[in-house]
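Colleague: Following this message is one structure expressed as structure tokens.
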Amino acid sequence: MEELTNKETVEEVKDTEVPLDKSVKLMSPTRMVVRRFFRSKLSILGLIMVIGLFVFSFAGPLVYTRWGEIELDESGKTEYSVTETTYTVNGEEYTLRQTTEKTLKDNFLAPPSAEHILGTDNEGYDIFVRLMYGGRISLIVSFIAVFLITLLGVIMGGISGFFGGAIDNIIMRICDILICLPGVPILLIISTILDASEIDAKYRIYLLMIYLTFISWPGTARLVRGQILSLREQEYMVAAEAMGYSTPRKIFKHLVPNVMPQLIVQMSLSLGSMILYEATLSYLNLGVKAPYAAWGTMINIISTNQDILQNHLNVWVPAGICIVIAVLGFNFIGDGLRDALDPKARR
């Protein structure tokens with residue numbers, strides 16, 4: 001009798017429908033990451049700073065069209081000089097005053113005004129306009145370099161970590177060699193070669209960034225390799241092997257997506273470092289050449305002119321502020337993404 005009762009109880013439990021609370025919704029991983037990211041005030045601040053710089057650099061020249069990037073203000077400054085000449089006629093002295101008007105060629109170091117919002121530099125270029133065009137160079141170059149570094153790092157690190165053995169040793173030794181290369185001396189040599197070849201000054205920085213990409217991808221490759229070495233032994237990779245998937249599919253569809261959170265964080269942090277690198281190259285006169293603008297080139301003026309450093313802060317301080325905003329913004333975003341993508345973070 002007792003066994004029958006237990007069997008009937010089990011059947012009743014199986015047939016009982018458990019009501020689901022329709023008000024409870026499961027949160028997707030993407031939505032959870034977005035929610036964690038926007039929960040941080042620094043992440044939001046960094047996003048505002050970066051978006052503001054993009055709008056200023058790319059939309060600004062479309063709105064403020066009074067001056068161009070390489071357009072000189074040739075209105076000049078008018079100077080007046082008075083010369084006096086004394087004549088004696090029949091014992092009486094007469095003084096002749098002559099006023100000479102002299103107009104300078106360019107309007108150098110003009111103070112901020114309605115005509116020039118931030119004034120002009122020592123060549124007569126509008127600082128506000130060059131600040132916008134300089135932001136274009138810095139942001140575009142940094143994004144291109146970081147994208148290429150990540151692409152090369154993912155390909156080489158994925159191949160190295162998946163195959164191992166001799167292929168892994170060859171790729172890692174190439175990484176060791178590239179890491180040992182002296183960056184600045186080789187950049188000086190390349191810059192000298194570019195000067196001798198008379199390549200357009202506007203494209204010099206892109207060629208230098210290609211070299212930086214060539215020597216910078218080993219860091220990303222090592223990160224990807226380390227992650228794949230631990231992931232390739234997981235159960236889903238054994239299942240992919242049993243299903244007969246091709247090697248590229250196993251690497252780039254099953255392994256690399258699991259490394260993307262770390263790559264996204266590294267890319268966002270690398271953008272700030274790359275902007276500093278570009279500004280340093282331009283400051284050392286290795287990057288963008290005059291008359292084209294870059295934030296580092298605008299600061300380079302103070303290296304040869306102490307008067308501008310002390311008395312004309314409007315010439316170089318705005319470019320320095322833009323560099324600081326860009327680096328801080330990308331670092332804030334990188335920190336926010338790192339916390340948002342952390343699986344151990346509190347929901």
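Colleague: Kindly check whether there is at least one residue in segment 272-281 that is free of Cβ contacts under 8 Å to residues at least 60 places away in the same chain and either over 21 Å from Leu148 (Cα atoms) or aromatic (Phe, Trp, Tyr) (or both).
Modeller: no
Colleague: Then there's this: In segment 168-206, what residues are farther than 24 Å from Tyr277 by Cβ, aliphatic (A, V, I, L, M) and surrounded by 13 or more Cβ atoms within 10 Å (Cβ to Cβ)? If you could, list the steps in order and put the result at the bottom.
Modeller: The initial filter retains those residues of segment 168-206 that are farther than 24 Å from Tyr277 by Cβ, namely 168-173, 198.
With aliphatic (A, V, I, L, M) added as a condition, the list becomes 170-172.
Of everything in segment 168-206, those that are farther than 24 Å from Tyr277 by Cβ, aliphatic (A, V, I, L, M) and surrounded by 13 or more Cβ atoms within 10 Å (Cβ to Cβ) turn out to be Ile171, Met172.
Colleague: What pairs come up if the first residue lies in segment 56-71 and is farther than 18 Å from Pro318 by Cβ, the second is of a type in the set (A, V, I, L, M) and outside any helix (DSSP H, G or I), and their beta carbons are under 9 Å apart, counting only those six or more places apart or on different chains?
Modeller: Going by the 9 Å Cβ cut-off, the qualifying pairs are Ile70/Ala290; Ile70/Ala293.
Colleague: Residues in segment 112-124: is at least one surrounded by 10 or more Cβ atoms within 10 Å (Cβ to Cβ), at pLDDT below 80 and not hydrophobic (A, V, I, L, M, F, W, C)?
Modeller: No: segment 112-124 contains no residue that is surrounded by 10 or more Cβ atoms within 10 Å (Cβ to Cβ), at pLDDT below 80 and not hydrophobic (A, V, I, L, M, F, W, C).
Colleague: State all residues of segment 156-167 that are surrounded by fewer than 17 Cβ atoms within 10 Å (Cβ to Cβ) and either part of a helix (DSSP H, G or I) or aliphatic (A, V, I, L, M) (or both); if no residue qualifies, say none.
Modeller: Phe163, Gly165, Ala166, Ile167
Colleague: Related question: Counting only residues that are buried (at least 16 other Cβ atoms within 10 Å of the Cβ) and of a type outside the set (Lys, Arg), which one in segment 230-248 is farthest from Gly161 (Cα to Cα)?
Modeller: Looking at the filtered set, the residue picked out is Ala240.
Colleague: Given the criteria crowded, with 19+ Cβ neighbours inside 10 Å and under 19 Å from Arg136 (Cβ atoms), does Ala340 qualify? It would help to see each step written out before you state the result.
Modeller: Values: crowded, with 19+ Cβ neighbours inside 10 Å: yes; under 19 Å from Arg136 (Cβ atoms): no.
When the stated conditions are applied, Ala340 does not pass them.
Colleague: Among Leu309, Leu284, which is the only one that is among the hydrophobic types (A, V, I, L, M, F, W, C), farther than 21 Å from Asn331 by Cβ and in contact with a helix residue (DSSP H, G or I) (Cβ under 6 Å, 6 or more places away or on another chain)?
Modeller: Going through Leu309, Leu284 in turn, the sole match is Leu309.
Colleague: Also, I was wondering about something else. Being outside any loop (DSSP other than H, G, I, E, B) and more than 27 Å from Leu42 (Cα to Cα) is the filter here, so list the residues in segment 279-302 that pass it. Spell out how you get there, then give the answer.
Modeller: Residues of segment 279-302 outside any loop (DSSP other than H, G, I, E, B): 279-283, 295-302.
Leu281, Ser282, Tyr283, Thr297, Met298, Ile299, Asn300, Ile301, Ile302 - these are the residues of segment 279-302 that are outside any loop (DSSP other than H, G, I, E, B) and more than 27 Å from Leu42 (Cα to Cα).
Colleague: Okay, next question. The conditions are (1) surrounded by fewer than 17 Cβ atoms within 10 Å (Cβ to Cβ); (2) of a type in the set (A, V, I, L, M, F, W, C); (3) within 30 Å of Ser28 (Cβ to Cβ), and Leu271 fails exactly one of them. Which is it?
Modeller: Of everything listed in (1) surrounded by fewer than 17 Cβ atoms within 10 Å (Cβ to Cβ); (2) of a type in the set (A, V, I, L, M, F, W, C); (3) within 30 Å of Ser28 (Cβ to Cβ), Leu271 misses just condition (1).
Colleague: Looking at segment 282-305, which of its residues are at pLDDT 80 or above and within 19 Å of the chain's Cα centre (by Cα)?
Modeller: Hits for segment 282-305 are Tyr292, Ala293, Ala294, Trp295, Gly296, Thr297, Met298, Ile299.
Colleague: Name the helices (runs of 4 or more DSSP H) wholly within segment 1-71 that hold at least 2 residues that are at pLDDT below 80 and over 30 Å from Ala326 (Cα atoms)? If you could, list the steps in order and put the result at the bottom.
Modeller: Working: elements: 2-15, 29-39, 41-54, 60-63.
Hits in segment 1-71: 2-15.
Colleague: Only residues that are surrounded by fewer than 21 Cβ atoms within 10 Å (Cβ to Cβ) and within 13 Å of Glu69 (Cβ to Cβ): list them for segment 134-143, please.
Modeller: Residue satisfying the conditions is Arg136 alone.
Colleague: Determine the pairs where a residue that is on the phi > 0 side of the Ramachandran plot, located within segment 154-183, has a partner that is surrounded by 12 or more Cβ atoms within 10 Å (Cβ to Cβ) with Cβ atoms under 9 Å apart, the partner being 6 or more residues away or on another chain.
Modeller: Gly164/Leu229; Gly164/Arg232
Colleague: I need every pair where a residue in segment 303-315 that is assigned to a loop (DSSP other than H, G, I, E, B) has its Cβ under 7 Å from the Cβ of a residue that is not hydrophobic (A, V, I, L, M, F, W, C), sequence separation at least 6 or different chains.
Modeller: Asn305/Asn122
The values are calculated or read from the model by the stated rules, or taken from the named source; none is laboratory data. For clarity, every value in this text was computed on a predicted model and none was experimentally measured. Note that each Cβ is placed from the backbone with ideal geometry, even for glycine, and that neighbours are counted across all protein chains shown.
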